[in-house]
Amino acid sequence: MGNTKSFTKARLYDVFAASGKALANGKRLELLELLAQGERTVDALAKTAGLNLTTASAHLQTLKQAGFVATRREGVRIHYRLAGDDVAQLFVLLRKVAERHQAAVPAARDAYLGQDTTGAMSHEELRARVAAGDVVVLDVRPTEEYLSEHIPGALSIPAQELADRIDELPKDTEIVVYCRGEYCVLAYDAVRLLTDRGHRAIRLNDGMLEWRLSELPADAAELT
(Lines give C-alpha, C1' and ligand atoms only; values in the text may rest on other atoms or scores of the structure.)
Protein backbone atom coordinates (compact mmCIF):
# COMPACT_ATOMS: atom_id res chain seq x y z
CA MET A 1 0.00 0.00 0.00
CA GLY A 2 2.82 2.37 0.91
CA ASN A 3 4.62 1.79 -2.38
CA THR A 4 1.40 2.41 -4.31
CA LYS A 5 0.83 5.70 -2.50
CA SER A 6 4.41 6.77 -3.12
CA PHE A 7 4.05 5.96 -6.81
CA THR A 8 0.76 7.82 -7.22
CA LYS A 9 2.09 10.82 -5.30
CA ALA A 10 5.17 10.91 -7.51
CA ARG A 11 2.95 10.73 -10.58
CA LEU A 12 0.81 13.61 -9.30
CA TYR A 13 3.85 15.82 -8.69
CA ASP A 14 5.29 14.88 -12.08
CA VAL A 15 2.07 16.19 -13.62
CA PHE A 16 2.46 19.44 -11.66
CA ALA A 17 6.08 19.63 -12.81
CA ALA A 18 5.01 19.38 -16.44
CA SER A 19 3.31 22.75 -16.07
CA GLY A 20 6.50 24.22 -14.67
CA LYS A 21 8.49 22.72 -17.52
CA ALA A 22 6.20 24.37 -20.07
CA LEU A 23 7.03 27.75 -18.50
CA ALA A 24 10.77 27.11 -18.42
CA ASN A 25 11.56 29.05 -21.58
CA GLY A 26 11.81 32.80 -22.01
CA LYS A 27 10.17 32.85 -25.43
CA ARG A 28 7.20 30.86 -24.17
CA LEU A 29 6.74 33.41 -21.39
CA GLU A 30 6.92 36.17 -23.99
CA LEU A 31 4.21 34.42 -26.01
CA LEU A 32 2.00 34.23 -22.91
CA GLU A 33 2.47 37.95 -22.36
CA LEU A 34 1.44 38.66 -25.96
CA LEU A 35 -1.60 36.40 -25.69
CA ALA A 36 -2.62 38.24 -22.51
CA GLN A 37 -3.28 41.21 -24.82
CA GLY A 38 -5.77 39.26 -26.91
CA GLU A 39 -6.18 36.43 -29.38
CA ARG A 40 -3.46 36.10 -32.03
CA THR A 41 -2.62 33.97 -35.05
CA VAL A 42 0.59 31.98 -35.14
CA ASP A 43 1.93 34.32 -37.83
CA ALA A 44 1.27 37.42 -35.72
CA LEU A 45 2.81 35.87 -32.62
CA ALA A 46 5.90 34.73 -34.49
CA LYS A 47 6.45 38.17 -36.01
CA THR A 48 6.01 40.07 -32.74
CA ALA A 49 8.16 37.65 -30.72
CA GLY A 50 10.91 37.55 -33.37
CA LEU A 51 10.52 33.82 -34.06
CA ASN A 52 10.20 31.78 -37.21
CA LEU A 53 6.90 30.00 -37.74
CA THR A 54 8.25 26.54 -36.95
CA THR A 55 9.74 27.61 -33.63
CA ALA A 56 6.69 29.65 -32.65
CA SER A 57 4.39 26.74 -33.44
CA ALA A 58 6.50 24.35 -31.37
CA HIS A 59 6.42 26.69 -28.36
CA LEU A 60 2.67 27.15 -28.71
CA GLN A 61 2.12 23.40 -28.89
CA THR A 62 4.08 22.99 -25.66
CA LEU A 63 1.90 25.63 -23.99
CA LYS A 64 -1.24 24.00 -25.37
CA GLN A 65 -0.24 20.55 -24.09
CA ALA A 66 0.21 22.09 -20.64
CA GLY A 67 -3.28 23.58 -20.87
CA PHE A 68 -2.09 27.20 -20.81
CA VAL A 69 -3.47 28.18 -24.23
CA ALA A 70 -6.51 27.26 -26.30
CA THR A 71 -7.12 27.46 -30.04
CA ARG A 72 -9.81 28.00 -32.61
CA ARG A 73 -9.61 27.46 -36.35
CA GLU A 74 -10.77 30.00 -38.93
CA GLY A 75 -10.26 28.57 -42.39
CA VAL A 76 -6.60 27.61 -42.63
CA ARG A 77 -5.60 29.90 -39.77
CA ILE A 78 -5.30 28.84 -36.16
CA HIS A 79 -5.91 31.49 -33.51
CA TYR A 80 -4.41 31.16 -30.03
CA ARG A 81 -5.66 32.64 -26.78
CA LEU A 82 -4.93 32.17 -23.09
CA ALA A 83 -6.90 29.33 -21.55
CA GLY A 84 -8.05 31.65 -18.75
CA ASP A 85 -7.21 34.66 -16.62
CA ASP A 86 -5.58 32.29 -14.11
CA VAL A 87 -2.82 31.72 -16.69
CA ALA A 88 -2.22 35.48 -16.87
CA GLN A 89 -2.20 35.65 -13.07
CA LEU A 90 0.36 32.84 -12.93
CA PHE A 91 2.57 34.69 -15.40
CA VAL A 92 2.43 37.90 -13.34
CA LEU A 93 3.09 36.00 -10.10
CA LEU A 94 6.07 34.23 -11.64
CA ARG A 95 7.62 37.57 -12.54
CA LYS A 96 6.98 38.97 -9.05
CA VAL A 97 8.51 35.95 -7.31
CA ALA A 98 11.54 36.06 -9.59
CA GLU A 99 12.02 39.78 -8.94
CA ARG A 100 11.87 39.26 -5.17
CA HIS A 101 14.09 36.20 -4.95
CA GLN A 102 16.44 36.19 -7.94
CA ALA A 103 19.37 38.53 -7.53
CA ALA A 104 19.92 38.67 -11.29
CA VAL A 105 16.53 40.19 -12.09
CA PRO A 106 17.15 43.89 -11.26
CA ALA A 107 20.24 44.14 -13.45
CA ALA A 108 18.57 42.29 -16.32
CA ARG A 109 15.47 44.47 -15.97
CA ASP A 110 17.45 47.70 -15.97
CA ALA A 111 19.56 46.59 -18.94
CA TYR A 112 16.37 46.04 -20.95
CA LEU A 113 14.15 48.88 -19.77
CA GLY A 114 16.84 51.48 -19.16
CA GLN A 115 17.04 53.91 -16.29
CA ASP A 116 13.66 55.17 -15.11
CA THR A 117 13.98 58.80 -14.04
CA THR A 118 10.33 59.83 -14.41
CA GLY A 119 8.56 57.64 -11.88
CA ALA A 120 5.19 56.03 -12.45
CA MET A 121 1.52 56.58 -11.66
CA SER A 122 -0.71 54.07 -9.86
CA HIS A 123 -4.10 52.84 -11.07
CA GLU A 124 -5.85 54.78 -8.32
CA GLU A 125 -4.15 58.06 -9.16
CA LEU A 126 -4.76 57.60 -12.87
CA ARG A 127 -8.47 57.02 -12.37
CA ALA A 128 -8.71 60.11 -10.18
CA ARG A 129 -6.81 62.23 -12.68
CA VAL A 130 -8.94 60.98 -15.58
CA ALA A 131 -12.08 61.82 -13.62
CA ALA A 132 -10.69 65.31 -13.04
CA GLY A 133 -9.95 65.65 -16.76
CA ASP A 134 -6.38 66.82 -16.31
CA VAL A 135 -4.44 64.01 -18.03
CA VAL A 136 -4.27 62.36 -21.44
CA VAL A 137 -3.96 58.58 -21.39
CA LEU A 138 -1.83 57.18 -24.21
CA ASP A 139 -1.77 53.54 -25.31
CA VAL A 140 1.41 52.79 -27.29
CA ARG A 141 0.72 49.12 -28.04
CA PRO A 142 0.09 47.96 -31.62
CA THR A 143 -3.34 48.92 -32.94
CA GLU A 144 -4.76 45.39 -32.83
CA GLU A 145 -3.98 45.16 -29.11
CA TYR A 146 -5.67 48.49 -28.47
CA LEU A 147 -8.74 47.36 -30.40
CA SER A 148 -8.91 44.15 -28.38
CA GLU A 149 -9.00 46.01 -25.06
CA HIS A 150 -7.83 49.34 -23.69
CA ILE A 151 -8.22 51.71 -20.76
CA PRO A 152 -11.39 53.79 -21.27
CA GLY A 153 -10.67 57.08 -22.96
CA ALA A 154 -7.11 56.18 -23.95
CA LEU A 155 -5.72 57.47 -27.23
CA SER A 156 -3.95 55.01 -29.50
CA ILE A 157 -0.60 55.90 -31.05
CA PRO A 158 1.59 52.81 -31.54
CA ALA A 159 5.15 53.30 -30.30
CA GLN A 160 6.66 53.06 -33.78
CA GLU A 161 4.40 55.89 -34.98
CA LEU A 162 4.82 58.21 -32.01
CA ALA A 163 7.75 60.25 -33.33
CA ASP A 164 5.79 61.14 -36.49
CA ARG A 165 2.46 61.74 -34.71
CA ILE A 166 3.65 63.50 -31.57
CA ASP A 167 2.01 66.77 -32.65
CA GLU A 168 -1.38 65.09 -32.14
CA LEU A 169 -0.77 65.30 -28.39
CA PRO A 170 -1.24 68.46 -26.30
CA LYS A 171 1.74 70.10 -24.66
CA ASP A 172 -0.25 71.70 -21.87
CA THR A 173 -1.57 68.44 -20.37
CA GLU A 174 0.34 65.64 -18.67
CA ILE A 175 0.42 62.39 -20.66
CA VAL A 176 0.21 59.03 -18.91
CA VAL A 177 1.64 56.27 -21.07
CA TYR A 178 0.99 52.54 -20.82
CA CYS A 179 1.65 49.44 -22.87
CA ARG A 180 1.37 45.66 -22.30
CA GLY A 181 2.55 45.27 -18.75
CA GLU A 182 5.00 46.24 -16.04
CA TYR A 183 8.04 45.17 -18.05
CA CYS A 184 6.97 46.55 -21.44
CA VAL A 185 9.74 48.72 -22.86
CA LEU A 186 7.38 50.57 -25.21
CA ALA A 187 6.08 52.79 -22.41
CA TYR A 188 9.56 53.62 -21.17
CA ASP A 189 10.74 54.60 -24.66
CA ALA A 190 7.59 56.62 -25.30
CA VAL A 191 7.98 58.63 -22.09
CA ARG A 192 11.61 59.40 -22.98
CA LEU A 193 10.61 60.55 -26.45
CA LEU A 194 7.74 62.70 -25.19
CA THR A 195 9.93 64.29 -22.52
CA ASP A 196 12.68 65.02 -25.04
CA ARG A 197 10.10 66.75 -27.25
CA GLY A 198 8.91 69.03 -24.46
CA HIS A 199 5.86 67.13 -23.19
CA ARG A 200 5.11 66.27 -19.57
CA ALA A 201 4.87 62.50 -19.54
CA ILE A 202 4.85 59.69 -17.00
CA ARG A 203 4.26 55.93 -17.11
CA LEU A 204 1.43 53.97 -15.64
CA ASN A 205 3.18 51.76 -13.09
CA ASP A 206 2.29 48.60 -15.03
CA GLY A 207 0.13 47.99 -18.10
CA MET A 208 -2.98 46.56 -19.70
CA LEU A 209 -2.35 43.06 -18.34
CA GLU A 210 -2.35 44.18 -14.70
CA TRP A 211 -5.19 46.62 -15.31
CA ARG A 212 -7.41 43.82 -16.59
CA LEU A 213 -6.42 41.42 -13.82
CA SER A 214 -7.38 44.13 -11.32
CA GLU A 215 -10.88 43.96 -12.87
CA LEU A 216 -10.86 47.64 -13.74
CA PRO A 217 -13.06 48.97 -16.55
CA ALA A 218 -11.82 48.40 -20.09
CA ASP A 219 -13.14 49.19 -23.55
CA ALA A 220 -12.88 47.46 -26.89
CA ALA A 221 -13.73 49.48 -29.96
CA GLU A 222 -12.73 50.32 -33.48
CA LEU A 223 -10.60 53.34 -34.16
CA THR A 224 -12.41 56.25 -35.77
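Conditions tested, residue by residue: (1) polar (S, T, N, Q); (2) farther than 21 Å from GLU145 by Cα; (3) exposed (fewer than 14 other Cβ atoms within 10 Å of the Cβ).
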position: ALA44; (1), (2), (3): no, no, no
position: ALA49; (1), (2), (3): no, no, no
position: THR54; (1), (2), (3): yes, yes, yes
position: ASP86; (1), (2), (3): no, no, yes
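Counting only residues that are in contact (Cβ under 8 Å) with a residue 40 or more places away in the chain and either farther than 25 Å from ARG212 by Cβ or of a type in the set (Phe, Trp, Tyr) (or both), segment 22-60 holds 0 of them. Might you let me know whether segment 1-20 holds any residue that is open to solvent by less than 80 Å² (accessible area, probe 1.4 Å) and closer than 26 Å to TYR178 by Cβ? No, segment 1-20 contains no residue that is open to solvent by less than 80 Å² (accessible area, probe 1.4 Å) and closer than 26 Å to TYR178 by Cβ. For segment 165-187, filtered to residues that are farther than 24 Å from TYR112 by Cα and among the charged types (D, E, K, R), the residue that is most open to solvent (accessible area, probe 1.4 Å) is ASP167.
The values are calculated or read from the model by the stated rules, or taken from the named source; none is laboratory data. Remember, predicted model here, so these are calculated numbers, not experimental data. All Cβ positions, even for glycine, are placed from backbone atoms using ideal geometry, and neighbour counts span all protein chains on display. Surface areas here come from the heavy atoms of the whole protein model, side chains and all, with no ligands, DNA or RNA. Shrake-Rupley method; radii C 1.70, N 1.55, O 1.52, S 1.80 Å.
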